[in-house]
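What follows is one structure encoded as structure tokens, with my remarks underneath.
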Amino acid sequence: MASNRTLLAVHAHADDETITMGGTLARYSAAGVRIVVVTCTRGDLGWLLDPSLVGQDVATVRDRELKAAGRVLGVSRLAQLGYADSGIAGAPENHRPGAFLSASLDEAAQRLLEIVRQERPQVMVAYDETGGYGHPDHLKSLLVAVAAFEAAGEVRPAKLYFVRFPLSWAREFVRALRAAGIDAPRAAPAGTDVGPEDAEIGVPDHLVTTAIDVRRYVPTKLAALACHASQMPPEHFLRRMPLDLAERLWAYEYFSREAGPAPPSSSSDQPEADLFAGLE
């Protein structure tokens with residue numbers, strides 16, 4: 001049955017797919033599910049933190065890194081919506097020509113909808129209302145994903161999920177890294193351009209409906225992270241985690257089911273364990 005299933009995930013920039021749900025992508029790919037990752041921007045305002053890459057075109061580097069990470073994770077198709085990076089909140093680049101934030105919502109949703117029509121996924125995954133850590137492109141990608149989902153008609157995916165960072169998990173993530181001598185910002189899981197040191201990401205735990213066990217795929221996730229060297233060189237806090245710590249902190253990836261059937265066994269005490277649960 002897995003060979004007839006497709007999971008489509010919508011992300012803002014190259015590397016988001018790995019940080020937020022790399023274990024989930026690897027797990028379902030290994031089970032024979034077709035994995036489609038849609039990236040809304042080329043991430044051309046990202047920093048080339050690896051000194052060996054300085055001077056190269058940022059968008060070209062990040063395209064190359066995304067392809068490499070996709071191969072590691074077992075992604076079947078990488079699709080680009082083709083927009084420019086909008087930069088962090090309040091930056092003048094937010095509204096530059098071609099920036100994702102300034103793009104027409106209808107136009108962007110139609111671009112995504114065309115991919116949905118081509119792939120006909122049963123499951124679609126997007127960011128939640130926080131965008132993980134409030135990046136304008138993450139927030140816009142949520143709007144685009146929901147608009148495409150709602151407009152999909154007969155090809156609408158059976159289930160829609162949001163990526164969630166439970167607050168208790170986010171706090172433990174940072175506490176455990178610091179206890180291991182790794183200087184993690186409080187907004188650790190989302191990346192490097194997160195704003196003030198005391199910013200905290202995460203949502204109330206009760207919003208989580210689904211916890212995907214990805215313990216077997218943490219080494220795969222780490223290998224995919226290493227592909228994104230321009231954003232996460234070896235000294236980056238996410239890559240400094242020893243394997244045993246990463247396997248503990250990234251044992252599960254969390255989601256909320258926003259549309260679609262719930263399996264009979266799921267509850268707040270026993271969240272569902274499969275994004276395709278409840279489907280024929």
Practice task
Starting from region 1-29, take each residue that is of a type in the set (A, V, I, L, M) and list its partners that are assigned to a helix (DSSP H, G or I) and at pLDDT below 95, counting only C-beta distances under 9 angstrom and pairs at least six apart or across chains.
Solution key: 19/189; 19/190
Practice task
Tell me, yes or no, whether region 66-85 has at least one residue that is in contact with an Asp or Glu (Cβ under 9 Å, 6 or more places away or on another chain) and over 17 Å from residue 39 (Cβ atoms).
Solution key: no
Handout entry: Any hit, region 260-279, residues being outside any loop (DSSP other than H, G, I, E, B), more than 25 Å from residue 71 (Cβ to Cβ) and in contact with a helix residue (DSSP H, G or I) (Cβ under 6 Å, 6 or more places away or on another chain)
Key = no
Fill in the blank from the handout: Picked from region 73-104 (must be of a type in the set (D, E, K, R) and either within 14 Å of residue 11 (Cα to Cα) or touching a Gly at 6+ places or on another chain (Cβ under 7 Å) (or both)), the residue surrounded by the fewest Cβ atoms within 10 Å (Cβ to Cβ) is 77
Fill in the blank from the handout: Every listed condition ((1) farther than 30 Å from residue 122 by Cβ; (2) within 19 Å of the chain's Cα centre (by Cα); (3) among the charged types (D, E, K, R); (4) assigned to a helix (DSSP H, G or I)) holds for residue 93 save (2)
Handout entry: Identity of the residue in region 58-68, hydrophobic (A, V, I, L, M, F, W, C) and within 13 Å of residue 231 (Cα to Cα), that ends up nearest to the chain's Cα centre (by Cα)
Key = 66
Exercise for the section: Could you run through region 124-144 and say how many residues are surrounded by fewer than 23 Cβ atoms within 10 Å (Cβ to Cβ) and β-branched (Val, Ile, Thr)? Expected result: 1
Problem - Looking only at region 44-57, and only at residues there that are assigned to a loop (DSSP other than H, G, I, E, B), more than 19 Å from the chain's Cα centre (by Cα) and not polar (S, T, N, Q), the one that is surrounded by the fewest Cβ atoms within 10 Å (Cβ to Cβ) - result: 55
Exercise for the section: Using the structure shown, decide if residue 18 is closer than 19 Å to residue 81 by Cα, crowded, with 21+ Cβ neighbours inside 10 Å and of a type in the set (S, T, N, Q). Expected result: yes
Practice task
Go through the residues of region 218-226 one by one and say whether even a single one is closer than 16 Å to residue 23 by Cβ, of a type in the set (Val, Ile, Thr) and in a loop (DSSP other than H, G, I, E, B).
Solution key: no
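The values are calculated or read from the model by the stated rules, or taken from the named source; none is laboratory data. Note that the structure is predicted; figures quoted are calculated from it, not measured. Note: ideal-geometry Cβ built from the backbone for every residue, glycine included; neighbour counts use all protein chains shown.
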